[in-house]
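The values are calculated or read from the model by the stated rules, or taken from the named source; none is laboratory data. Please read these numbers as outputs of a predicted model, since none were measured by experiment. Positions of Cβ are generated from backbone atoms using ideal geometry, with glycine treated the same way; all protein chains shown enter the neighbour counts.
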Amino acid sequence: MVQATCEVTRCIFYDNGEYAIDSRTGQTTVSCTDQWDYEQGTQMLGVIDGGGNFIADPGFCYLGGEDPYLLRSDSPCLPGNHPNGIDCGLIGRYGLGCEAPTPIEETTWGQINWRMLDDAAKGKPREDSSALP
C-alpha cells in the first residue's frame, strides 16, 4: 500500500468541519499555519506538527470586493507578528490591507462631563452641540 505525503505550510484554516486538517489516510506535515476557531487539540487529526502552528483570529479586514481576506496590521499572520515570535513570513495568500482598529479608551460619564467642562473653561467649543443638552 502506497501512502501519499503532503506538506501544508503558511495557510489559514477556518470552519472546515470538525478538524481543520484530517489526514488519517496519509502523512501530512503542517507548519506555520493558523487554525482559527478550533479548540486546542482538536484542530489536526493524523497530522505531523512541523512547528509554528497556532490558533488565533487572523484579523481579516472584511473590506468586501475581490480580496476579502486582506489582513489588518495587527494580524498574527503578517510577517513579524507571529504570536510565538517564529519567523514564518506571510501566512495565507493575502497581505496587509488595512490598519488595526483604534482601541477604545474605557471611561465613565463623569469623566466625559469633566472633560467638557474643562474644555468650556478653556474656551473650546463643543464639536457637536446638538448632541448634548
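If you scan the range 85-99, which residues turn out to be of a type in the set (Ser, Thr, Tyr) and farther than 15 Å from Thr33 by Cα?
First, the residues of the range 85-99 that are of a type in the set (Ser, Thr, Tyr): 94.
None - no residue of the range 85-99 is of a type in the set (Ser, Thr, Tyr) and farther than 15 Å from Thr33 by Cα, so the list stays empty.
A Cβ distance below 7 Å, combined with a sequence gap of six or more or placement on separate chains, defines the contacts here; from the range 64-93, residues that are within 14 Å of Gly51 (Cα to Cα) reach residues that are aliphatic (A, V, I, L, M) in the pairs Pro83/Ala56; Ile91/Ile12.
Scanning the range 47-67 for residues being in contact with a strand residue (DSSP E or B) (Cβ under 7 Å, 6 or more places away or on another chain) and assigned to a loop (DSSP other than H, G, I, E, B) gives a total of 12. In the range 8-20, the count of residues that are surrounded by 13 or more Cβ atoms within 10 Å (Cβ to Cβ), closer than 25 Å to Gly80 by Cβ and at pLDDT below 70 is one or more. Considering Pro125, Pro101, Pro76, the condition of being part of a loop (DSSP other than H, G, I, E, B) and modelled with pLDDT under 65 is satisfied by Pro125 alone. Note on the range 63-73: among residues that are modelled with pLDDT under 90 and surrounded by 12 or more Cβ atoms within 10 Å (Cβ to Cβ), the one that is nearest to Arg10 (Cα to Cα) is Tyr69.
Mind listing just one residue for me: the one in the range 21-39 that is surrounded by 15 or more Cβ atoms within 10 Å (Cβ to Cβ) and among the small types (Gly, Ala, Ser) and, of those, modelled with the highest pLDDT? Within the range 21-39, the match that is modelled with the highest pLDDT is Ser31.
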